[in-house]
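Only one structure is covered here, and it is reproduced in the block below.
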Amino acid sequence: MSKQATSGLWDGLFVDCQLATLAGEQGLGLVEHAAIGWKDGLIVFADAMSALPDAPQALSARVESARGRLLTPGLIDCHTHLVFGGDRAHEFDLRLQGASYEAIARAGGGIASTVSQTRTLDDDALLAASMPRARALIADGVTTLEIKSGYGLDLENELKMLRVARRVGEESGIDVRTTFLGAHAVPAEFSGRQDAYIDLVCTEMLPAVAKSGLADAVDAFCESIGFTPAQTRRVFEAARALGLPVKLHADQLSDLGGGALSAEFGGLSADHIEHTNPEGVRAMAAAGTVAVLLPGAFYALRDTQLPPIAELREHGVPMAVATDLNPGTSPLLSLRLAMNMACTLFRLTPEEALRGTTVNAAKALGLADRGRLAPGMRADFVIWNAGKPADLCYWIGGSLAENVFARGNALRRWPS
Ligand code: NIG
Ligand code: FE
């Protein structure tokens, strides 16, 4: 066939599927006896087979039956610290013996320990350490991954982390979104000089990061063991002046008004939010700030303060779910397991959990081109060894993804 003759054909087509399109404002948008077709990395058809414009074989040279299996949008992990050196398994031991996360941090462990281990690695070594973690997430359905810096804490090492995060995307074939988290902790060389470090973040690091084009957003750790609301505000003002959107580690261990602070700056999200007060929830609702729930950190720290789920529902704040994959508080390598935990620990419904890792996670990253199965969206989707959406939350761990498509490219051989 000549190129001319094939140019109208789709690149691929699944028939006999059950689609969870997530296309509406609510619910899962289930379509039974459905088909999905894609071309040039974008979805061209996602609807009932009876609505196909022609016979399947006439629409694509590559057609496969999904044999009734479930297809969803590719999962979006909208909050990770996936790029880091070393690990902190010894802190797991310490916590089991009764030490708190805060006490470990104050004693020089915690984030500072990962900073030391990350600074020693060059780009290639840091990439090599990070890729297995990315592969684990992708293998069970992740097609968009947010990665934060924040273990470099000086310009050179923060830029290194952001470069490596971008390379994770290039090497793995999925889309990586990067977030500058220079205000994650005070580096040892600034000990006792928090404000001086924030000066550096605002006047030198942020402008250089913005100029590099390596960051899509800016985050901060607003907490008793992190930065004060006033310091966070300075970081947000600097980010705004540079045209970068913000998001926040907010109210995880105490209520510092972080939810409202993120909302005040039109934040894409406020994350953790176990201690966020009703005023903060209302501010988030008004600003359209997404609540990113991180049950892995809640679980690992054996936290007991639940995020204000009922209030978030009542005020219609979109809820996302992410792994918070990091070496300290959430060494969690499965977004599906985070969904399970969101149901079991936070009492989300399986439907909320799936909206939380698709359409709402896209919103938490400011992305309108994914998270739903509809014509024009990126052809990021997963074919699951499952027949219904609740299965994705029901099974605890393991791997259920039969194949993962990112921009129309299959992770595993396809057609199979
Ligand atoms: O989201 N709380 C701050 N940041 C991470 C933890 C980072 C770390 O302990 O290395 C979090 O939980
Ligand atoms: Fe985090």
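The values are calculated or read from the model by the stated rules, or taken from the named source; none is laboratory data. Note that the structure is predicted; figures quoted are calculated from it, not measured. Positions of Cβ are generated from backbone atoms using ideal geometry, with glycine treated the same way; all protein chains shown enter the neighbour counts. When the accessible area is computed, the model is the full protein with side chains, heavy atoms only, and any ligands, DNA or RNA have been set aside. Shrake-Rupley method; radii C 1.70, N 1.55, O 1.52, S 1.80 Å.
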**Fill in**
In a Gaussian network model of the chain with springs linking alpha carbons closer than 10 Å, the residue among S100, S172, S399 that fluctuates most is S100
**Average accessible area per residue (Å²) across the chain - probe 1.4 Å, nucleic acids and ligands excluded** = 38 Å²
**Request:** Within the set of other residues whose C-beta is less than 12 Å from the C-beta of Y101, count the net charge using Lys and Arg as +1 and Asp and Glu as -1.
**Result:** 0
**Heavy-atom accessible surface of the range 198-274: percent carbon and sulfur, 1.4 Å** = 55 percent
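I need the shape label for the range 164-286. Rule: rounded when a/c is under 1.5, else prolate if a/b > b/c, else oblate, with a, b, c from the alpha carbon gyration tensor.
Working: a/c = 1.69, a/b = 1.21, b/c = 1.40.
Note, shape of the range 164-286 comes out oblate.
Pairs K39/K388; K148/K211; K160/K211; K148/K363; K148/K247: which exceed 20 Å Cα-Cα?
On the way: K39/K388 26 Å; K148/K211 17 Å; K160/K211 14 Å; K148/K363 17 Å; K148/K247 11 Å.
Table pairs above 20 Å Cα-Cα are K39/K388.
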**Complete:** For W384, W10, W395, the accessible-area ranking with a 1.4 Å probe, largest leading, is W395, W10, W384
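Any idea what the relative contact order of the chain is, in percent, if you count C-alpha pairs under 8 Å spaced at least 6 apart? Before the final figure, lay out each step's value.
Values: 997 pairs, mean separation 80.0, N = 416.
Computed over the chain, the figure is 19 percent.
Please list H81, H275 from largest to smallest accessible area, probe radius 1.4 Å, with all protein chains kept in place. Don't skip to the end; give the middle numbers.
Values: H81 5, H275 55 Å².
Ranked from most to least accessible, the order is H275, H81.
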**Request:** Could you work out which residue, out of T203, T72, T357, moves most in a Gaussian network model of the chain, that is, has the largest mean-square fluctuation with Cα springs under 10 Å?
**Result:** T203
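Roughly speaking, to the nearest percent, how much of the range 24-174's 1.4 Å accessible area is carbon and sulfur? Display every interim value, and only then the final one.
On the way: 3220 of 6120 Å².
C and S fraction of accessible area: 53 percent.
For G257, what is the net charge nearby, where nearby means another residue's Cβ is under 9 Å from its Cβ and Lys, Arg count +1, Asp, Glu -1?
Numbers: positive: none; negative: D251, D255, E279.
My count for the surroundings of G257 gives -3.
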**Item:** Packing-based order for 107-115, 291-299, 337-345, using average beta carbon neighbours within 10 Å, highest first
**Value:** 291-299, 337-345, 107-115
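Trypsin sites (Lys or Arg not before Pro) within the range 299-387: which are DSSP loop residues with at most 14 other Cβ atoms inside 10 Å? Before the final figure, lay out each step's value.
On the way: sites: R302, R313, R336, R347, R355, K363, R370, R372, R378; in loops: R302, R347, R370, R372.
Filter output for the range 299-387: R302, R347.
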